[in-house]
Amino acid sequence: MLYDLAVIIAVYNSSCTIETLINRINACFTDETITMRILLIDDFSMDDSPVLIDRMAERSANITAIHLKKNYGQQSALLCGLRNARNSRYVATIDDDLQQAPEILKQLYQYIVSHEAD
């Protein structure tokens, strides 16, 4: 299946924010007819993040949880996500700590599509 959008999130000790982030991302695209997937790459978190992302992946077909064997750092986690997002037309990354408003993803996607960007 070719997805319209893949959102990659490097997850590290974000049990306090990750569910809120995912809910806000999903809320942005509820009225859309796009196919979206979310790739959660756990960078060997020491809190409950691995359990939480596994639960989210079990509950939702558009969420994939990937666990790294040790802490490799954010860039390596994002690279892992990029490797697993090959079947997506567009790819976005966002931090797991809600530092950026996830609602920006919808605006970015709409802009890219309306301008027929590569």
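The values are calculated or read from the model by the stated rules, or taken from the named source; none is laboratory data. Since we're looking at a predicted model, the values are computed, not measured. For accessibility, only protein heavy atoms count, side chains too; no ligands or nucleic acids. Shrake-Rupley method; radii C 1.70, N 1.55, O 1.52, S 1.80 Å.
Summary of computed values
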read-out	value
Segment 1-41: radius of gyration and largest Cα-Cα distance (Dmax), Å	11.2, 32
With eigenvalues of the C-alpha gyration tensor scaled by 5 and rooted, segment 70-118, Å	23, 16, 6
Heavy-atom surface of the chain, accessible at 1.4 Å and reported per residue (Å²)	58 Å²
Over the chain - Rg/Rh using Cα atoms and the Kirkwood inverse-distance radius	0.95
Extension gain (nm, one decimal) between Asp54 and Cys16, 0.36 nm per residue minus Cα-Cα	12.2 nm
Portion, in percent, of the accessible area of segment 23-118 that falls on carbon or sulfur, probe 1.4 Å	49 percent
